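This report refers to the structure that appears directly beneath it.
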Amino acid sequence: MEFFPSPLTLDQTRSLVSRIGSSFEEKGFGLWAAELKTTGEMIGFIGLSVPAFEAPFTPCVEIGWRLSPTHWGKGLAPEGAQRVLEFAFRELGLPEIVSFTSGLNQKSRRVMEKIGMVYNPRDDFEHPLLPEGHWLRPHVLYRIRKETQGAVP
Ligand SMILES: CC(C)(COP(=O)(O)OP(=O)(O)OC[C@H]1O[C@@H](n2cnc3c(N)ncnc32)[C@H](O)[C@@H]1OP(=O)(O)O)[C@@H](O)C(=O)NCCC(=O)NCCS
């Protein structure tokens, strides 16, 4: 079972790029392009966003990621996400970052764990933008606070 939707159309891609640009202009953060240090190849994104729905944990800033499958399994998402957390806490001065995903998305949950985020079952929620009964609707939430970042086991 995989967790990436159908490829975006050209129009959807343009709209996403525009929204990412607006986020950097308005908030000072967004989804950064993730590039390989060795070659400069762009392999996906890792970054920060503000969820566009209401839930018990909002308003908040979320960290998220999506990499090309050919580059999975090399620890690249955790490596980039650590840098993003440092930026969020040191440069932006944010007190807490959250991350959420379908409870079934073990790959993403592993990234959250590797960067020191903590899961609490009490934060489990049904994603309000997915229809009731959708297999991806049950979500888990992970958190990390400024004072604990860097204390990764
Ligand atoms: C989640 C994602 C960013 C992880 O990136 P990554 O750089 O591969 O992260 P890691 O190398 O640390 O691997 C994390 C876990 O993914 C799993 N994994 C990695 N590569 C895999 C592969 N090719 N096949 C199966 N599982 C794999 C492993 O469980 C791994 O944990 P482990 O190191 O304890 O074994 C990537 O899988 C992805 O882009 N997924 C699709 C998008 C997505 O789900 N985004 C989150 C939406 S909320």
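Please treat every number below as a calculation from the coordinates, not as lab data. Quantities reported herein were computed from a predicted structural model and do not represent experimental measurements. When we count neighbours, we look across all protein chains shown, and the Cβ atoms used for this are built from the backbone with ideal geometry, even at glycine.
Which order results if H127, H71 are arranged by neighbouring Cβ count within 10 Å, fewest first?
Exposure proxy ranking, most exposed first: H71, H127.
List, in order, the whole-Hz ³J(HN,Hα) value for each residue of the stretch 132-149 obtained from phi through the Karplus relation with A = 6.51, B = -1.76, C = 1.60 and θ = phi - 60°; use x for Gly and Pro.
Couplings: 4, x, 5, 5, 9, 5, x, 10, 10, 10, 10, 10, 8, 9, 3, 5, 9, 5 Hz.
Show me, for the stretch 47-62, the HN-Hα J-couplings you get by feeding each phi into the Karplus relation (A = 6.51, B = -1.76, C = 1.60, θ = phi - 60°), rounded to Hz, glycine and proline as x.
After applying 6.51 cos²θ - 1.76 cosθ + 1.60, I find x, 10, 8, 9, x, 9, 8, 9, 8, x, 9, 9, x, 7, 10, 10 Hz.
Taking the stretch 1-98, which chymotrypsin sites (Phe, Trp or Tyr not before Pro) meet the DSSP loop condition and have no more than 11 other C-beta atoms within 10 Å?
F53
Students often forget the sequence filter, so: which aspartates and glutamates lie under 16 Å Cα-Cα from K74 once same-chain residues fewer than 8 apart are removed?
Within reach: E35, E41, E113.
Once you have a ≥ b ≥ c as the square roots of the Cα gyration tensor eigenvalues for the stretch 30-148, tell me rounded if a/c is under 1.5, and otherwise prolate or oblate according to whether a/b is larger than b/c.
Oblate is the answer for the stretch 30-148, as a/c is 1.5 or above yet b/c matches or exceeds a/b.
Restricting to DSSP loop positions (anything but H, G, I, E, B) with no more than 13 other Cβ atoms inside 10 Å of their own Cβ, which trypsin sites (Lys or Arg not before Pro) remain in the stretch 50-119?
Answer by residue number: K74.
Search the structure for amide H atoms under 5 Å from the amide H of G103, placed 1.01 Å from N in the peptide plane, and list their residues when 5 or more places away or on another chain.
Close amide H contacts, sequence-distant or interchain: H139, V140.
By its C-alpha gyration tensor, with a ≥ b ≥ c as the square roots of the eigenvalues, how is the stretch 1-83 shaped: rounded for a/c under 1.5, else prolate for a/b larger than b/c, else oblate?
Since a/c stays below 1.5, the shape of the stretch 1-83 is classed as rounded.
Excluding same-chain residues fewer than 8 positions from K27, which lysines have a Cα within less than 25 Å of its Cα?
Candidates past the 8-residue exclusion: K146.
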